[in-house]
Amino acid sequence: MDKKLKVANIGMKFGMSHVEGARDFGAEIASLCDSNEENLRFAGERYNIPEEKWVTDYMDIVNNPDIDVVTVAIPDQQHKKVCCDLLRAGKHVLCEKPLALTREDIEEIVRAADESGCKFMVGQICRFTPAFEKAKEIIDSGEIGELYFVESEYAHDYMHIVENKDGSAHWRADPKRHGVVGGGCHAVDLLRWLAGDPVEVFAYGTHKLLPTVSYDDATIAIMKFDDNLAGKVFVSTGCKRDYTMRTVIYGTKGTIICDNTSPTMTLFTTDENGDTQEPKIIELEVNNHNAVKEFEVFADEIINDKPVATSAREGAKTVEVCLAIVESAETGKIVKPNYNF
């Protein structure tokens, strides 16, 4: 593909970083879309996009044959319909995480992506976070040996974002958008990327902090990857602390401690005798929503016809693990995720 990519961006409240990612890559911003005209005007004026390229109906993008790529940053409940319409119109799609909220919806998106022949990326942004990229690099190099335990947390206080200003319920309060699925999918996907697919999960949940939602606001999940590798995910959407995704990766020769908001990470290694050495402090860029790198990778996959690393099927697997965690917390039983999509 020699021509300049023409990109449309849907959802201007959460999707402005995607506009910046496409713009910094050098793509043409062909259209901005938001059903809220105030959000649309704010984004259009901020990025100097002519008003004739602003639309309030995403079908104007679906029906525009000149648009190659579309980023989708709208409430999770709307992902399935919008993404499937775009794919069936021959558009490459970058959709914010989570892929969708139900097994039925993720299956339909996977089918639509397969049938369309278009590229589809799920915005699992942790895979583009500098600290986590470095952790992956260290793991793959063998420096900390074989993994035996991995843990990550998604700690984010939703207290002031689960209600609209008029007091009505926010889309984050939808029972289908359980905190594990909507936000905890970050930590689940990160561990899947670092350690592989868990074969079974067991979880407990509590509900003490968010009275306006019906789902648990704290969940702890234990995962079995294989007989010698286990993991843990902690999700708290009512926690009283700064946002973080603190992550610890334990290997037979060392340990990594990192998160997505700190300028350093800590690496423990061992010497030839197996003794633990003084920790190394590694300096990092803080960029916990690296949409520029994300779009750059997606554009490369489109232009050079490469497989998409965070494809619809990958996004579906992450949601499936999240749904298994929710089911386990509700039933008190071990649940085995079904990765057949």
Could you compute the FRET efficiency for S262 and N48, with r as their C-beta to C-beta distance and R0 at 41 Å, rounded to 0.05?
0.75
To the nearest 10 square angstrom, how much accessible area does M121 have with a 1.4 angstrom probe?
0 Å²
If you build a Gaussian network model of the chain, linking Cα atoms that sit under 10 Å apart, which residue out of D217, D157, D60 swings the most?
D60
Local net charge near T331, Cβ-Cβ under 14 Å (Lys/Arg +1, Asp/Glu -1)
-2
Ratio of the Cα radius of gyration of the stretch 24-137 to 2.2 N^0.38 Å, where N counts its residues
1.15
Amide hydrogen neighbours beyond the local backbone of T261, cut-off 5 Å, H modeled:
M245
With every protein chain kept in place and a 1.4 Å probe, the residues I220, I109 fall, from largest accessible area down, as I220, I109
What figure, in Å² to the nearest 10, do you get for the accessible area of E327 with a 1.4 Å probe and non-protein molecules left out?
90 Å²
The chain - percent relative contact order, Cα under 8 Å, separation 6 or more
20 percent
Please build a GNM for the chain, connecting alpha carbons under 10 Å apart, and tell me which residue among G123, G182, G26 fluctuates the most.
G26
Show F14, F268 ordered by accessible area, largest first, where the area counts protein heavy atoms only and the probe is 1.4 Å.
F14, F268
Which residues qualify? For T310, with a placed amide H closer than 5 Å and at least 5 residues away or on another chain, they are V122
Accessible-area composition of the stretch 208-341, carbon plus sulfur, in percent [1.4 Å probe]:
48 percent
quick note, the chain, DSSP beta bridge pairs, % antiparallel (nearest 5) is 60 percent
Quick one: compute the contact order of the stretch 35-186, relative version, from alpha carbon pairs under 8 angstrom and 6+ residues apart, as a percent.
18 percent
Which whole-number percent gives the relative contact order of the stretch 165-282, counting Cα pairs below 8 Å spaced six or more residues apart?
16 percent
The chain, Gaussian network, Cα under 10 Å: of V286, V122, V326, the residue fluctuating most is V286
What order do K208, K4, K97, K293 take when sorted by accessible area (1.4 Å probe), most exposed first?
K208, K4, K293, K97
Any residue on another chain or 5+ positions along whose placed amide H is under 5 Å from the amide H of A30 is listed here as V7, A8
Between (i) 0.98; (ii) 0.95; (iii) 1.01, the structure-derived Rg/Rh (Cα atoms, Kirkwood Rh) is (i)
Length gain on complete extension for the stretch T244 to K224, per 0.36 nm per residue less the alpha carbon to alpha carbon distance?
4.8 nm
Distance between the stretch 271-339 and the stretch 87-152 - C-alpha centres, whole angstrom
6 Å
Accessible area per residue, Å², the stretch 185-341 with all protein chains present, probe 1.4 Å
47 Å²
Could you pull out the pairs from K81/K240; K240/K333; K13/K81; K80/K134; K136/K317; K136/K240 whose alpha carbons sit more than 31 Å apart here?
K81/K240; K80/K134
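The values are calculated or read from the model by the stated rules, or taken from the named source; none is laboratory data. Only a predicted model underlies this, so the values are computations on that prediction, with no experimental measurement involved. Virtual Cβ from ideal backbone geometry, glycine too; neighbours counted across all protein chains shown. The protein model used for the area step is the full one, side chains on, heavy atoms only, and it has no ligands, DNA or RNA in it. Shrake-Rupley method; radii C 1.70, N 1.55, O 1.52, S 1.80 Å.
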